[in-house]
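Read the structure below first, then the notes.
Rule-based calculations on the coordinates, nothing more; no lab input. Bear in mind that the values here come from a model prediction, so they are computed numbers and not experimental data. Because the Cβ atoms are built from the backbone with ideal geometry, glycine has one as well, and the counts that use them run over all protein chains shown.
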Amino acid sequence: MKIDGSRILVTGGAGFIGSHLVDRLIDERPEILVIVDNFYLGEDKIRNLSPAKLRFPSLKVYHKDATKIRLMKRILKKESIDVVFNLAAICLPASLIKPKWVHDTNVAIASTFCELLREDHFGTLIHFSSSEAYGSAEQIPMPEDHPLKPSTPYGASKIASDHLILSYCTTFGIDASIVRPFNIYGPRQNEGTYAAVIPQTITRILQGEPPVIYGDGLQTRDYTYVTDLAEATIKIYKVKATRGRVLNIASNSEMTIKELISKIAKLMNFRKPVLYEKPRPGDVRRFFGSNSLAKKLINYKPKVDFEEGLKHTIDWYRNLLCSTTSSCRLSGKKISQ
Ligand SMILES: NC(=O)c1ccc[n+]([C@@H]2O[C@H](COP(=O)([O-])OP(=O)(O)OC[C@H]3O[C@@H](n4cnc5c(N)ncnc54)[C@H](O)[C@@H]3O)[C@@H](O)[C@H]2O)c1
């Protein structure tokens, strides 16, 4: 399977991971590249696509809702799409506030593309799951056949979508693979409402506020830099042996939130005490993923060392905040996206 000359659609392409995937897809010289995103996190996320637009001026962005099956069918037909990378989803923290909406939206997006693939409106689906589908580790490292006990409605929506896609593979023979990333970090991760711990900590420090730890800080996460995930996703598309399967993308290691926050604080020369808040509902205690299957099937070899990725991420947020606010307290060299 090759991307050179293919017609590609990326849902959620204006988001954090989606925009990095778009950048990496451009290197593979697709014939056309189309994005469907409803920008529910804000219109300003269009900035995530600026580098891609410079390199691929015909990039087309449909500001649309990916749950709408008739609308998606029209776009697939009009653009003669070969492959859909499905990243559109509502994030975990939103599922603690609006659980039904998050569940229904995430599952509806997956079922829309299952159905359109079953009806031959495109050729291949590469769908994004999440380690949240597992819940907390019962064995480490966590393989793909680890028990599935999601602790949040978001995790439940991810596993419901995965089961639906795998059932379409078995019953209707659709051509689909599932990428199951653990914790992903890097530039462009949402720093506003619903921010994850890395962007939240960096932006708080940049604004002169102490980082926050929810609970005792001994919960662990398994971090992968976003460009390593983009690379792995392209290999998953290219390797037919991944079809009908779920592949973890993980670092095969774990780090406590306390360690993570102290690394960020050290790199940013922040020496004041951290704030402790009560634990968040549904917070997973332990993530430590196995990447053995990805190594075997796609020869997965992450390239970016954690500290190097973290430095690059800090620089990116420093650049973003210093260019948009006057309250940026730390100076630093500006970097390109
Ligand atoms: N960030 C992580 O650490 C992580 C880890 C595991 C899995 N994932 C999965 O990877 C995918 C991308 O995550 P991300 O971190 O880039 O999230 P993100 O929130 O930055 O991007 C998701 C994008 O989907 C869009 N979207 C949401 N609902 C939509 C709809 N109905 N129609 C069209 N577009 C819609 C949003 O506007 C957003 O741009 C998601 O499926 C997520 O579940 C992320």
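Brief remarks on what is shown
- All positions within segment 26-37 that are out of contact with any Ser or Thr (no Cβ under 9 Å at 6 or more places or on another chain) and within 15 Å of the ligand (Cβ to nearest atom): Val34
- Test: residue in segment 48-57 that is more than 10 Å from the ligand (Cβ to nearest atom), under 19 Å from the mean Cα position of the chain (by Cα) and surrounded by fewer than 16 Cβ atoms within 10 Å (Cβ to Cβ): yes
- When Gly18, Gly42 are checked against the criterion of being in contact with a strand residue (DSSP E or B) (Cβ under 9 Å, 6 or more places away or on another chain), more than 21 Å from Pro153 (Cα to Cα) and within 10 Å of the ligand (Cβ to nearest atom), Gly18 stands alone in meeting it.
- Residues that are exposed (fewer than 15 other Cβ atoms within 10 Å of the Cβ) and either among the hydrophobic types (A, V, I, L, M, F, W, C) or closer than 25 Å to Ala156 by Cβ (or both) do not occur anywhere in segment 244-261.
- Among the residues making up segment 158-204, those that are farther than 28 Å from Ile261 by Cβ and in contact with a Leu (Cβ under 6 Å, 6 or more places away or on another chain) are Ile159, Ile174, Ala176.
- Residue count for segment 133-174, restricted to those that are among the hydrophobic types (A, V, I, L, M, F, W, C), away from the ligand (no atom under 12 Å from the Cβ) and in a helix (DSSP H, G or I): 7
- Lys64 vs. criteria basic (Lys, Arg) and closer than 30 Å to Pro281 by Cβ: no
- The residue list Glu277, Glu308 contains one member that is loosely packed, with under 12 Cβ neighbours inside 10 Å and within 23 Å of Tyr154 (Cα to Cα), which is Glu277.
- Exactly one residue out of Ser177, Ser129 is under 30 Å from Ile26 (Cα atoms), within 9 Å of the ligand (Cβ to nearest atom) and crowded, with 18+ Cβ neighbours inside 10 Å, and it is Ser129.
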